[in-house]
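What follows is a set of notes on a single structure, which appears directly below.
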Amino acid sequence: MTDYRLNNAVTDDNRLSVRRCNMGVSLMSMMKATRGAISTCFLAAAMTIGFASYKAAISCSYRTAMGSVTETCGYVSDVGFMIVVNASSFVTALIVYLLYRKGVVAEGGIVQSPAIIALSTGMLVSREEAASALPAEILVVILGAVCGFSIVLLCVVWIDTLVRLRTMKLALLVLVLGLTLKEVVYAWACGLSGIAFQLLTVGLLLLSAILLFFSNRNRRPVELSQTLEEDKYSFVKSFIALFILVGIVGIIHTTVIGSSAEGVVGQVDMDLAGELSSIAALVITVAMGWNVSTLKVGKVAFPCVLVALSLLPLLGESNGALVGFISIFCYEVYSKVFLAYILCECYRTKCSSLTLSCYFTGGTGGSLAIGLSIGLLLSSFSAGHEVSILALLTVAAIYPIALGTMVLYRRGDGFRFIHKSDGKSEPGRAIRVDESYELETACRSIADESGLTPRELDVLVVLAKGRSAKHIADELCIAENTAWVHIKSIYAKTGAHGKQGLIDLVEEARASTVR
């Protein structure tokens with residue numbers, strides 16, 4: 001009897017010890033999760049402020065000619081300066097991209113210190129004391145080249161940092177909140193003048209550099225490729241639409257500046273357009289479930305610009321500011337959503353962020369430089385031949401916008417390239433790019449809800465097509481056993497019972513996405 005009671009007491013003590021141990025483990029897990037959540041919040045806040053500071057500093061430099069111009073007309077301060085800036089952006093992006101393709105520059109190897117030094121030096125040179133010692137033409141070239149060079153390098157560095165955050169949703173959140181905060185900071189900065197404005201711009205650059213330095217401690221390694229092998233058709237359509245819209249903004253600005261129709265851009269409240277577009281970009285990103293599609297945004301933005309420009313001759317110069325506001329607002333929304341799209345593509349396809357950043361900065365710079373130059377030619381032609389500036393502007397802008405609208409609405413077939421284990425690629429079966437995009441969007445939605453890793457998302461996309469583990473291993477260049485590990489993990493996280501259950505789950509998500 002005594003032994004029995006003793007055994008019971010020992011058993012109770014063991015149970016109590018196990019319970020206390022489990023409670024301790026649970027408490028430790030909760031504390032660890034709390035510390036992780038707090039750390040993530042601080043990281044997101046730091047990166048949001050840093051991203052907003054960098055964007056505000058670039059806007060201050062770009063739209064006020066390095067602080068030496070106090071009055072601007074829309075986006076343009078000095079036309080010559082703007083053309084040099086965008087030409088410099090194009091050349092810099094091209095050089096960086098070629099160096100990367102040649103292996104001279106590694107992914108993540110671009111640093112922002114040269115851009116900050118160059119931009120700060122440009123601020124000093126633009127001061128009246130230094131500027132008076134140089135011919136105006138030389139000064140424009142120097143300041144424009146410095147600004148264009150800095151825009152590309154800073155964009156490459158920040159996009160690379162955002163791509164290396166833990167999740168795509170966190171990266172998109174930092175981006176859209178940073179763009180919104182940037183508009184507030186920029187509007188406040190424009191209220192300053194002279195040396196105070198220039199010191200603030202340099203201070204914003206330094207603040208962004210400090211916050212980026214600390215944020216980079218949380219960088220995660222990513223698997224990258226140098227090119228996009230999938231959904232090239234949708235990708236190219238998105239970039240074509242962006243470049244057309246950027247070029248139209250350039251044409252509108254320089255065509256009407258100095259003419260009686262200058263109100264088309266001169267009377268537009270640029271701060272209001274920027275703030276509203278940032279809010280719209282945030283709403284669009286959230287509404288799309290953090291899976292951004294620029295094609296859907298473009299299908300709304302382009303018809304709006306097309307209708308507005310078509311009515312410009314009827315509205316006349318007095319209502320031209322309305323057309324200008326619509327065009328600039330649509331451009332702002334599309335370009336900001338496009339940055340979010342770049343992030344999504346980097347996470348989804350593992351494409352190099354450096355590559356996409358160079359496409360973005362170089363393409364927009366070249367398109368805007370071309371648009372500004374065309375606008376100057378149209379303005380000169382109008383003055384020399386007594387042709388209505390509004391009629392010229394409408395004709396010059398309508399056709400590219402119509403072309404862009406056709407590109408966005410065109411549905412075509414594309415090829416996916418299947419990666420063989422020997423490193424070669426061969427075209428797979430022809431499938432509609434739009435269907436492929438819908439499938440991968442549905443898979444990303446499931447991945448976000450189920451907490452799948454980026455590699456598991458890759459496996460899910462192929463598995464959802466009914467492929468075998470061996471096929472998945474060949475396409476993703478992984479071992480077949482590794483493919484099975486990912487497949488089992490996907491089943492466990494999604495709760496799907498077998499391949500057919502998973503396919504049904506993806507089809508449900510795809511149907512809800514299409515609706």
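The values are calculated or read from the model by the stated rules, or taken from the named source; none is laboratory data. It should be emphasised that the depicted structure is a prediction, and the values quoted were computed from it without experimental measurement. Ideal geometry is used to build each Cβ from the backbone, glycine not excepted, and the neighbour counts take in all protein chains shown. Quick note on the areas: whole protein, heavy atoms, side chains included, nothing else; ligands and nucleic acids left out. Shrake-Rupley method; radii C 1.70, N 1.55, O 1.52, S 1.80 Å.
At a glance:
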| item | result |
| --- | --- |
| Odd one out for LEU165 among (1) open to solvent by 20 Å² or more (accessible area, probe 1.4 Å); (2) among the aliphatic types (A, V, I, L, M); (3) not in a helix (DSSP H, G or I) | (1) |
| Boolean, VAL176 is without any contact (Cβ under 8 Å) to a residue 60 or more places away in the chain, under 18 Å from the mean Cα position of the chain (by Cα) and part of a helix (DSSP H, G or I) | no |
| Scope the range 329-360; condition modelled with pLDDT under 85 and open to solvent by 10 Å² or more (accessible area, probe 1.4 Å); matching residues | TYR347, ARG348, THR349, LYS350 |
| Members of the range 466-498 found to be assigned to a helix (DSSP H, G or I), crowded, with 16+ Cβ neighbours inside 10 Å and of a type in the set (Lys, Arg), listed by number | LYS493 |
| Residue match in the range 389-400 (condition: under 26 Å from the mean Cα position of the chain (by Cα) and at pLDDT 70 or above) | yes |
| Test for GLU129: is it open to solvent by less than 60 Å² (accessible area, probe 1.4 Å), of a type in the set (Asp, Glu) and either closer than 26 Å to ASP269 by Cβ or modelled with pLDDT under 90 (or both) | no |
